[in-house]
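Okay, structure first, notes after.
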Amino acid sequence: MHEQLLAALSTVNDPELHRDLVSLGMIERAEVTGGVADIKVNLTTPACPLKATIQADVTRAALTVGGVESVQVEFGAQVRTQATPPLPGVKNVIVVGSGKGGVGKSSVASNLACALAATGAQVGLLDADVYGPSIAHMMGQGGARVTANADKKMMPIAAYGLKFLSMGNLMPAGQALVWRGPMLHSAIGQFLKDAAWGELDYLIVDLPPGTGDVQLSLTQSVQLTGAVIVTTPQDVALLDASRAIDMFRKASVPILGIVENMSYFVAPDTGLSYDIFGRGGAQKLSQSFGGLPVLGEIPLDQEVRQDADAGRPSVLAHPDSPASQALWQVARNLAGRVSVQTFTGSLEPLPMA
């Protein structure tokens, strides 16, 4: 019966990887007892965007086996890494960038990190915007200070189920940091390699705006899993986002997708939708680069701003709001893209078996 059940499950493909669950090693348990098929599927990420589809397909396939009357599907998750992990214990390093400031990049990065952590993944968040650090405040830990362990490694600060590091926790509030390029390079190296990150599925890196020293240091210091580009819909933001994409491509960093932030505004009193900054800019940017994926469109929402000011990520403070739901979907889509990247070494799905 076990072999018959495995044979049936070998007809079920992972919707993103386009390969069957058995050959991918995703079936941890497949037993039949008293007419009940007990199946455990290990997903490639706890934030799998197509979990419901996989469950339905597994159930349907198992019911084709003679003697199976009902199906119980349990899910686990094991985030995979590339052949050579980017950092000891860190499976994936994902940078969140933009060509310009003011597009909500740090808000997107912090909410994505919190959403991934809330699914059960082990997540780190690195504030690489050394001149304008904001992650410490957004995570409600502006007054915390970074300490060192017995091995003289920086200890990331814990908040909302993840670990983070920010220059905002190393410098007095409001004090300007006046450093040249070599000092920035050294600081980024220390944040990456002289910190006790432990075991992480994802290290999300919030980049400064532009295409400068920090971006160059990161691409030279660690093998990045990929980059997420945040933009708003208007043309002036798209021009700068194009430069960021071009920079990452020249550095051979895969583009995991584009996020359109402040995509539209829904008036709470009337329910009418307004395209304050235009709309569809991410799709336009995608097409100009041959069809890059758009991970999601996030509406302009006052609660997101209020939550950031209060040090409470919106995906946790107001998980059912339209903006938070959009951010949750972006996190799931991103996790799916990373799974494809780590399994195949590219952002193309596996060929059909």
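The values are calculated or read from the model by the stated rules, or taken from the named source; none is laboratory data. These numbers were taken from a predicted model, which means no experiment stands behind them. All Cβ positions, even for glycine, are placed from backbone atoms using ideal geometry, and neighbour counts span all protein chains on display. Surface accessibility is based on the protein's heavy atoms, side chains included, excluding ligands, DNA and RNA. Shrake-Rupley method; radii C 1.70, N 1.55, O 1.52, S 1.80 Å.
Data overview
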| read-out | value |
| --- | --- |
| Residue list for region 293-332, restricted to those being under 16 Å from the mean Cα position of the chain (by Cα) and in a loop (DSSP other than H, G, I, E, B) | Pro293, Ile298, Pro313 |
| Subset of region 68-87 [more than 13 Å from Thr44 (Cβ to Cβ) and outside any loop (DSSP other than H, G, I, E, B)] | Ser70, Val71, Gln72, Val73, Glu74, Leu87 |
| Matching residues, region 33-57, being aliphatic (A, V, I, L, M), more than 13 Å from Leu9 (Cα to Cα) and open to solvent by 10 Å² or more (accessible area, probe 1.4 Å) | Val36, Leu50, Ala52 |
| Exclusive hit being open to solvent by less than 30 Å² (accessible area, probe 1.4 Å), in contact (Cβ under 8 Å) with a residue 60 or more places away in the chain and at negative phi, set Leu5, Leu9 | Leu5 |
| Meets criteria (without any contact (Cβ under 8 Å) to a residue 12 or more places away in the chain, open to solvent by 20 Å² or more (accessible area, probe 1.4 Å) and of a type outside the set (Gly, Ala, Ser)) for Glu69 | no |
| Residue list for region 103-146, filter: touching a Ser or Thr at 6+ places or on another chain (Cβ under 6 Å), open to solvent by less than 10 Å² (accessible area, probe 1.4 Å) and in a loop (DSSP other than H, G, I, E, B) | Val103 |
| Enumeration of residues in region 177-207 that are more than 25 Å from Val230 (Cβ to Cβ) and either buried (at least 16 other Cβ atoms within 10 Å of the Cβ) or among the aliphatic types (A, V, I, L, M) (or both) | Val178, Met183, Ala196 |
| Region 88-99, subset surrounded by 19 or more Cβ atoms within 10 Å (Cβ to Cβ) and assigned to a loop (DSSP other than H, G, I, E, B), residue farthest from the chain's Cα centre (by Cα) | Gly99 |
| Of all residues in region 58-67 being in a loop (DSSP other than H, G, I, E, B) and not hydroxyl-bearing (Ser, Thr, Tyr), the one that is nearest to Asn111 (Cα to Cα) | Leu63 |
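For (1) open to solvent by less than 80 Å² (accessible area, probe 1.4 Å); (2) of a type in the set (Gly, Ala, Ser), each residue gets a yes or a no:
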residue	(1), (2)
Ala241	yes, yes
Ala244	yes, yes
Ser252	no, yes
Ile255	yes, no
Ile258	yes, no
Leu272	no, no
Ile276	no, no
Gly281	yes, yes
Ser286	yes, yes
